[in-house]
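Worksheet: the structure to be examined is printed underneath.
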Amino acid sequence: MARRGATAGPPAPLAAGRVVASHGRQLMVEDGAGRRIACRLHGRRLAAVCGDEARWGYAHAGESYGTVYELLPRRHTLERLTQGGRAEVVVANLTQLVAVVAPLPVPDWFVVDRYLAAAAWCGIHALIAFNKAELGLPPGAAAELDGYAALGVATVRCSARAAPGIEDLAARLRGAVSVLVGQSGAGKSSLLNALAPEARAVTQEISAATEEGRHTTTHAVLHRLASGGDLIDSPGVRDYAPPVPAARAVASGFVEIQGAAAGCRFQDCLHLQEPGCAVRAAVDAGAIRARRYESFRRLLALARELEQRFPERRPGSPRR
Ligand SMILES: Nc1nc2c(ncn2[C@@H]2O[C@H](COP(=O)(O)OP(=O)(O)O)[C@@H](O)[C@H]2O)c(=O)[nH]1
Ligand SMILES: [Mg+2]
Ligand SMILES: [Zn+2]
């Protein structure tokens, strides 16, 4: 059953573009001039995410949508752990992660730690934006933010509704490809709209082109900021978990635990009940925050659970 044009190869030459939104097989691609072109993926083997660099063209003259024929190798990717224990790429080619928290919904600092660990594992910079700052800080938030600042994590207090702070955030986004992550309702989309007022219209246009048409953020969308930098808004996730490395490497997601671990008696110390553990000693002495240590223990438990459920993931086993 010969389809028209089925045997035709990709048109030459292909143009370079960047995937700014992806929804199933339907994409929005931005070309070098900043034009957005609705595209489809060629063939079943390609799978694109927001931030992917693509090579595209029009399969037939006069067609209203383009076709992506090729995706270039990804540099940094933000991934999440699926129910089935697999790593799923959320966005590609980002350089910075912005964990957004707010007085409401009540911050889940364990989720913040999981995002920070994910950023460390994928080798990108991370910062915390405390949004809705005009509502004031809920109990415990100041201590948490000070704790992160002491670890060298930049924390910006800002508001999508009031001026102070948004300039600080804009300055930190300049020259970076950043993704806004965090609990649903923290104000990610509102921050994007405050930083790029045209984003609302662009988001609606993209939703229409990639069907849906809903107002809540259902998939990641990349926007260029007039103040400099690219910003990706992502849907809120109730319970983000990163693909954890092997149990022994989990500490590398926690800068202060990694630092203290050099003093442990055993090189393969997991920092649980081992004698001579410098990490436990630092927690007992208050030099490492107990809540951060609890975060570490939860991710360590997840790593061990995954090693049980998926023995092929164990270090030394052939991957996947
Ligand atoms: N008071 C206040 N409300 C905000 C602020 N930013 C966002 N909101 C509100 O918080 C709710 C969730 O915002 P939204 O941007 O959709 O959150 P998202 O799920 O993280 O994208 C909306 O009702 C916003 O109007 C802020 O800086 N101050
Ligand atoms: Mg949103
Ligand atoms: Zn130890």
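Rounded to whole Hz and in sequence order, give me ³J(HN,Hα) for the range 73-80 from the Karplus expression 6.51 cos²θ - 1.76 cosθ + 1.60, θ = phi - 60°, writing x for Gly and Pro.
Going residue by residue, I get x, 7, 8, 7, 10, 9, 10, 10 Hz, with x marking Gly and Pro.
Glu134 to Ala59: FRET efficiency via 1/(1 + (r/R0)^6), r the Cβ-Cβ distance, R0 51 Å, to the nearest 0.05?
So, using R0 = 51 Å, E works out to roughly 0.50.
Arrange the residues Asp233, Asp239, Asp146 by how much accessible surface each exposes, largest first, with a 1.4 angstrom probe.
Per-residue accessible area, sorted high to low, gives Asp239, Asp146, Asp233.
Ignoring ligands, DNA and RNA, what percent of the 1.4 Å accessible area of the range 1-123 is carbon and sulfur?
Answer for the range 1-123 is 52 percent, counting heavy atoms of protein chains only.
Stokes-Einstein D for the range 70-208 at 25 °C, 0.890 mPa s, Kirkwood Rh over Cα pairs, in µm²/s?
Result for D is 154 µm²/s.
Treating only the Cβ of Lys, Arg, Asp and Glu as charged (+1, +1, -1, -1), what charge dipole size does the range 94-191 show about its Cα centre? Round to the nearest 20 debye.
So the magnitude is around 240 debye.
Give the accessible surface of the range 8-51 per residue, rounded to a whole number of Å², with probe radius 1.4 Å and ligands, DNA and RNA excluded.
I get 52 Å² per residue for this part.
Quick check on the chain: of the DSSP beta bridges with both residues there, what percent are antiparallel, nearest 5%?
Among the beta bridges of the chain, antiparallel pairing accounts for roughly 55 percent.
About the Cα centre, and with charges only on the beta carbon of Lys, Arg (+1) and Asp, Glu (-1), how big is the dipole of the range 16-94? Nearest 20 debye, please.
With only Lys, Arg, Asp and Glu charged at Cβ, the dipole is about 160 debye.
Go through Ser159, Ser189 and list them by solvent-accessible area, largest first, probe radius 1.4 Å.
I get Ser189, Ser159, largest accessible area first.
Using R₀ = 22 Å, calculate the FRET efficiency as 1/(1 + (r/R₀)^6) where r is the Cβ-Cβ separation of Ala150 and Glu305; round to 0.05.
That pair, Ala150 with Glu305, gives E of 0.10.
Tell me, what ³J(HN,Hα) does each residue in the range 47-64 have, in order and in whole Hz, if you take phi through Karplus 6.51 cos²θ - 1.76 cosθ + 1.60 with θ = phi - 60° and put x for Gly and Pro?
The phi angles translate into 9, 10, 10, 4, x, 5, 8, 10, 10, 9, x, 8, 5, 9, 4, x, 6, 8 Hz.
Viscosity 1.002 mPa s, temperature 20 °C: give me the Stokes-Einstein translational D for the range 1-124 in µm²/s, with Rh taken as the Kirkwood radius over C-alpha pairs.
Estimated via Stokes-Einstein, D reaches 129 µm²/s.
Dipole magnitude of the chain about its Cα centre, charges +1 at Lys/Arg Cβ and -1 at Asp/Glu Cβ only, in debye to the nearest 20?
Here the chain has a charge dipole of around 800 debye.
Simple spin-label model, 7 Å along Cα-to-Cβ: Leu72 to Glu274 in nm?
My value for the distance between the label points is 4.2 nm.
Just order 125-137, 263-275 by mean Cβ neighbour count inside 10 Å, highest at the front, would you?
Put in order of decreasing packing, that is 125-137, 263-275.
From Cα pairs below 8 angstrom and at least 6 apart in sequence, can you work out the relative contact order of the chain, rounded to a whole percent?
The value is 15 percent.
How would the chain be classified by its alpha-carbon gyration tensor: rounded, prolate or oblate, with rounded meaning a/c under 1.5 and the a/b versus b/c comparison settling the rest?
oblate
Quick check on the chain: helices-only [θ] at 222 nm, where DSSP H runs of length 4 and up contribute -39,500 (n - 2.57) each and the sum goes over total residues. Nearest 500, please.
After summing the helix terms and dividing by residue count, I get -8000 deg cm²/dmol.
What FRET efficiency comes out for Leu46 versus Ala285 if R0 is 45 angstrom and r is the Cβ-Cβ distance? Round to the nearest 0.05.
About 0.30, to the nearest 0.05.
Taking amide H atoms as placed 1.01 Å from N in the peptide plane, list the residues 5 or more away in sequence, or in a different chain, whose amide H sits under 5 Å from that of Val91.
Correct list: Leu78.
Mind giving me the nanometre distance, one decimal, between the label points for Thr82 and Asp31, set 7 Å out from Cα along Cα→Cβ?
Distance between label points: 3.4 nm.
Taking the chain as a Gaussian network, where each spring joins two C-alpha atoms under 10 Å apart, which residue of Leu231, Leu180, Leu71 fluctuates the most?
Most flexible of the set in this elastic network: Leu71.
The values are calculated or read from the model by the stated rules, or taken from the named source; none is laboratory data. Just so it is clear, the model here is predicted, and its values are computed rather than measured. No Cβ is skipped: glycine too gets one built from the backbone with ideal geometry, and neighbour counts run over all protein chains shown. Heads up: the accessible areas ignore ligands, DNA and RNA and are worked out on the full protein's heavy atoms, side chains in. Shrake-Rupley method; radii C 1.70, N 1.55, O 1.52, S 1.80 Å.
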